[in-house]
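First up is the structure itself, then whatever we jot down about it.
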Number of protein chains: 2
Amino acid sequence: MSTERRPAETPALAELLSGSCYCLATRRASRRMVRLYDAALAEHGLTISQLALLAWVRYLRKPTVQKIADLMEMDQSALSRGLMPLEREGLITSAPDADDRRKKVLALTDEGGRRLIAAAEDWEKAQEEVTRQQEKLGADVARLMAGINDLAKSEAGSD
Amino acid sequence: MSTERRPAETPALAELLSGSCYCLATRRASRRMVRLYDAALAEHGLTISQLALLAWVRYLRKPTVQKIADLMEMDQSALSRGLMPLEREGLITSAPDADDRRKKVLALTDEGGRRLIAAAEDWEKAQEEVTRQQEKLGADVARLMAGINDLAKSEAGSD
DNA sequence: TCCATATATATGCATATACAGCTAATCCCA
DNA sequence: TGGGATTAGCTGTATATGCATATATATGGA
């Protein structure tokens, strides 16, 4: 079929495009997942990232920017920017920690709490849809997620 | 250890933060991979995305924006913007297709070709590093990538 | 107490990514 | 052949993400 490709100059380059690059494969999977979950949450005006942020703010006793960034294995500056639309729309508020005024302690507003609960129902639908897709594809893919979680389980720690 | 978390209001919310959200887990894995590969390629002034773009431009007989976007399962507009820094830095050129002037046919410059070859060596080092990490974690994770590729193998087709 | 160091956050800058909507070119059918 | 439908690409807008750096606060010695 494919007379459209030219020969590779090095084995590495051939491998890169063959689908075996861990990074490109993972990123492609990520794009696909985000599209699916974001679509499921769109009616609530939230992205999957924003839903996760709201959930962390809800479930940590003292949610700060750096703490959530550590838990999500993200750069603090990215986290900081992700909070802005949520504050702008009145879903969370923030105040300096009395014990350490460098820290910014976050909290859900009532509206933020309602949005979180409502969106979580549609999150679950997306989650179930992926589960069904996995069943169609066989058991290997189920193990996939366990593997990803193992890889990512350097975080853990206390809250 | 963790007295820092509060109880979940719904099972869904507890699950969301437990690490079993396919979307969040995949995205976290993606962030980790991108950091690793981008660091490995930094000395060449390329990101992993840009390396992949150069490789596709090199290996398709008639590389166009939409074709590469389809192959990478990305939105065409995102692809279009990703090409800009590469054109700006003189690594690729573009010209309208003579047969269909809507299409933009891409080509590597000499410098683009050199960068591609040079960066591919360091790509391979990153790839091998991930392989080694997987071995430490056991065989499950090896199967992980096969699963991701199966999931993502709706593209295929002829370039 | 004062300064060097470390920590928490924010900003500047750049890429990555998607969706909606726009224009130009092509295609297809009545 | 004329015009609607389709396709390719671009731009506007918004979030996602990281690195380098700036600022403010805290901390720990000398």
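The values are calculated or read from the model by the stated rules, or taken from the named source; none is laboratory data. What you see is a predicted model, and the numbers here were worked out from it, not measured in a lab. Ideal geometry is used to build each Cβ from the backbone, glycine not excepted, and the neighbour counts take in all protein chains shown. Each accessible area value is taken on the protein alone, full model and side chains, heavy atoms only, with ligands, DNA and RNA left out. Shrake-Rupley method; radii C 1.70, N 1.55, O 1.52, S 1.80 Å.
Kindly compute the accessible surface that chains A and B hide from a 1.4 Å probe when together, both sides summed, and give it to the nearest 100 Å².
7600
Shortest first and in nm with one decimal, please list how far the residue A:114 label point sits from its counterparts in the other copies (point 7 Å along Cα→Cβ).
6.3
Of all the residues in chain A, which one has the C-beta that comes nearest the axis relating A to B, and what is the distance in Å?
Closest Cβ to the A-to-B rotation axis, residue and whole-Å distance: A:30, 2.
Can you compute the label reach from residue B:110? Point 7 Å from Cα along the Cβ direction, backbone N cut-off under 19 Å, restricted to segment B:42-78.
The answer is B:58, whose backbone nitrogens lie closer than 19 Å to the label point.
Pop a pseudo-label 7 angstrom from the Cα along the beta-carbon direction at both residue A:35 and residue B:20 and give the gap in nm to one decimal.
Simple spin-label model gives 2.7 nm for this pair.
With r defined as the distance between the Cβ atoms of residue B:98 and residue A:9 and R0 fixed at 41 Å, what FRET efficiency is calculated, to the nearest 0.05?
On the way: r = 27 Å, r/R0 = 0.65.
Efficiency, rounded to the nearest 0.05: 0.95.
With the Cα gyration tensor of segment B:20-108 in hand, convert its eigenvalues to equivalent ellipsoid semi-axes via √(5λ) and list them largest first in whole Å.
So the three semi-axes of segment B:20-108 are 27, 17, 9 Å.
Residues of segment B:114-132 losing 30 Å² or more of accessible area relative to the isolated chain, 1.4 Å probe, heavy atoms only?
Buried by the other chains: B:117, B:120, B:123, B:124, B:127.
Taking θ as phi - 60°, what are the ³J(HN,Hα) couplings along segment A:13-21 by the Karplus curve (6.51, -1.76, 1.60), each to the nearest whole Hz, with x for Gly and Pro?
For segment A:13-21, the Karplus curve yields 5, 5, 5, 4, 8, 7, x, 9, 6 Hz.
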